[in-house]
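Student: Input: one structure, supplied below.
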Amino acid sequence: MRSRSLLSFMTVVCCMSFGLQGASYAAGGVVIRAFSARPMPVAPVADSTATQQQGSKVDVPEELLRNAEGLLNEGKPEEAYQLLSAKDFEYSGDSQFDYLLGIAALDSGHPDKATLAFERVLAVDPNFAGARLDMARAYFHLGDLPRARTELEAVMKQEPPEAARITIDKYLAAIDSAEQARKTRYSAYLEGTLGRDSNVNNSTSQADVAVPAFGNLVFTLNPTSLKTPATYYATATGGEVAHEFSGQWGAYGGIDLRLRNNNKMHVYDTGSADARTGASFSSGDEVFRVGLTWGFYEQAHLKNRNAYGIAGGWQHNFDPKNQLSVFGQYGKNRYSDPTYQVNDFNQSVIGAGVLHLLEDGKSAVFASINALREGAVHDRADGSKSGYGVRLGGQTSIQEKFEVFANAGYQRGSYDKENLAFLVKRDDKQFDAVLGANWHLQKLWTLRPQLGYSRNASNIAIYSFDRIDASVTVRRDFR
């Protein structure tokens, strides 16, 4: 969606009272906007500019601001954006710089970057209605219509002039029209991966194992049960469709398909399919989802296990920077081969997570915790399993098209039945960590190099292993 698509819904736009020094007019059904994007005081807040200056952390060269403003006035927002974004790390925090950057980003088709700049402006001066109005525009172009509406209603509460009220009403009418036209949403993706895995079968590297049930007699494991490295290639595809029946109720459905083939080790090739469908309900900052899940897992191109169940979640947005989610699911896992059906289990998981966007607007951190229970359906060797897990992670933008991410997790699992061969109740402690980057080659193309490490420490030797997985993925999104 181009940066002026919202304005095409209007016939008159009068923005002078909102920090946009100039005027707008309609020509051929498309609104044309001429303005000076420098921050200006907004009545009745007479000291708005002073507040912004006090909030500035750095001294921005006046020449840089004049040059950027000149490019905007000449109708060259992309050039203005390139000029300012190159200095973002250096001058971020100065309200005049941030506001110019936001305007340039918005009018050059980078609404996501515009919201970050406007956030910094509003953090200094929440009453700067010009920035808030342009924030609403940015949210509209991002497709976040609820937040666009929230920002417009916040400006309305500042008792703006009548001309401005008319403008905001036209924005709200445009949002209403867009919401009516966007009842059904589609998204899909396609991925291809090349990688090297040091342990494709998650197996121990200890070839000789003493078995207490046989007087600690040492047994040599079959090579297929030992740590095995391999190069692999993988593909994945999937998509989701969501339909909104009203302002609050909706339905969704989606599917993900994955295949992984190992070079010369095809006995460990895997494949999976996971499908989901359900209903959603949203009210203000609350979103609820509940639905059914189904999937199957195969190894060596033979169907191995089916899984089906029910899942639900609740999400609460405290503000644009803080989010809380609570989730739970119950599923049944059933093996296809009668030889393995003794391992059938039912699994219950509950958990919660938090997401926080840092003040720089370019970084986010998250944390989650969960508890799980695997109930053995038959006489599984180690019985039922109870455990818990925690995960921490974050992501930050290094440049406009490049971001790095990292996360790490710990999972503890304890079983309730003594293993007859090893004469102990199995207890596992697993740690894993991932480090990677996303390079957005184009708007819908992403290159993702990634390095993962995992280690499982168990009191039963055959279940202890470590693993390093290095890969490069190319992803194409469709939306």
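Student: Does LEU101 satisfy the criteria of being in contact with a strand residue (DSSP E or B) (Cβ under 8 Å, 6 or more places away or on another chain) and touching a residue at least 12 places away in the same chain (Cβ under 8 Å)?
Tutor: In short, no.
Student: To continue, here is another question. Please work out which residue is farthest from the chain's Cα centre (by Cα), limiting yourself to the stretch 273-284 and to residues that are under 28 Å from LEU302 (Cβ atoms) and of a type in the set (Gly, Ala, Ser).
Tutor: ALA273
Student: Something else: With the requirement that a residue be more than 9 Å from GLU298 (Cα to Cα) and either of a type in the set (D, E, K, R) or surrounded by fewer than 17 Cβ atoms within 10 Å (Cβ to Cβ) (or both), what does the stretch 262-272 give you?
Tutor: ASN263, LYS264, HIS266, VAL267
Student: Now a separate question. For the stretch 142-154, indicate whether the set of residues that are more than 24 Å from GLU286 (Cβ to Cβ), surrounded by fewer than 24 Cβ atoms within 10 Å (Cβ to Cβ), of a type outside the set (S, T, N, Q) and in contact with a helix residue (DSSP H, G or I) (Cβ under 8 Å, 6 or more places away or on another chain) is non-empty.
Tutor: Checked against the condition, which is being more than 24 Å from GLU286 (Cβ to Cβ), surrounded by fewer than 24 Cβ atoms within 10 Å (Cβ to Cβ), of a type outside the set (S, T, N, Q) and in contact with a helix residue (DSSP H, G or I) (Cβ under 8 Å, 6 or more places away or on another chain), the stretch 142-154 yields no hits at all.
Student: Please work out which residue is modelled with the lowest pLDDT, limiting yourself to the stretch 36-70 and to residues that are under 16 Å from ALA114 (Cβ atoms) and among the hydrophobic types (A, V, I, L, M, F, W, C).
Tutor: The residue in question is ALA37.
Student: Within the stretch 95-108, does at least one residue satisfy the condition of being modelled with pLDDT under 90 and either farther than 21 Å from LYS443 by Cβ or assigned to a helix (DSSP H, G or I) (or both)?
Tutor: Yes: the stretch 95-108 contains one or more residues that are modelled with pLDDT under 90 and either farther than 21 Å from LYS443 by Cβ or assigned to a helix (DSSP H, G or I) (or both).
Student: Considering only the stretch 292-326, state which residues are surrounded by 14 or more Cβ atoms within 10 Å (Cβ to Cβ) and either touching a Pro at 6+ places or on another chain (Cβ under 7 Å) or farther than 21 Å from GLY278 by Cβ (or both).
Tutor: The answer is TYR297, GLU298, GLN299, ASN304, ARG305, PRO320, LYS321.
To keep it simple, each residue is scored yes or no on (1) at pLDDT below 95; (2) among the aromatic types (Phe, Trp, Tyr); (3) farther than 23 Å from GLN315 by Cβ.
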| site | (1), (2), (3) |
| --- | --- |
| VAL390 | no, no, no |
| GLU400 | yes, no, yes |
| PHE405 | no, yes, no |
| ALA408 | no, no, yes |
| LYS429 | no, no, yes |
| GLY436 | no, no, yes |
| THR446 | no, no, yes |
| TYR453 | no, yes, yes |
| SER458 | no, no, yes |
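Student: Give me the residue from the stretch 440-474 that is aromatic (Phe, Trp, Tyr) and surrounded by 15 or more Cβ atoms within 10 Å (Cβ to Cβ) and, out of that set, farthest from TYR189 (Cα to Cα).
Tutor: Applying the filter and picking the extreme gives TYR463.
Student: Same structure again: Please go through the stretch 93-113 and give me each residue that is closer than 18 Å to PHE128 by Cα, over 24 Å from the mean Cα position of the chain (by Cα) and not hydrophobic (A, V, I, L, M, F, W, C), ordered by number.
Tutor: Selection gives GLY93, ASP94, SER95, GLN96, ASP98, TYR99.
Student: Would you tally the residues in the stretch 432-479 being more than 22 Å from the chain's Cα centre (by Cα) and not in a strand (DSSP E or B)?
Tutor: Adding up the residues that qualify gives 6.
Student: Right, something else. Does the stretch 328-344 contain at least one residue that is within 21 Å of ASN202 (Cα to Cα) and β-branched (Val, Ile, Thr)?
Tutor: Within the stretch 328-344, one or more residues are within 21 Å of ASN202 (Cα to Cα) and β-branched (Val, Ile, Thr).
Student: Looking for something more than 30 Å from PRO126 (Cβ to Cβ), touching a helix residue (DSSP H, G or I) at 6+ places or on another chain (Cβ under 7 Å) and not in a strand (DSSP E or B) - is there at least one such residue anywhere in the stretch 301-314?
Tutor: no
Student: Could you count how many residues in the stretch 78-94 are modelled with pLDDT under 90 and either of a type in the set (Asp, Glu) or under 13 Å from ASP360 (Cβ atoms) (or both)?
Tutor: 7
Student: Of everything in the stretch 234-249, what is part of a loop (DSSP other than H, G, I, E, B) and hydroxyl-bearing (Ser, Thr, Tyr)? Give them in sequence order.
Tutor: Selection gives SER246 alone.
The values are calculated or read from the model by the stated rules, or taken from the named source; none is laboratory data. Computed from a predicted model, the values in this text were never measured in an experiment. Glycine gets a Cβ as well: all are built from the backbone with ideal geometry, and neighbour counts include every protein chain shown.
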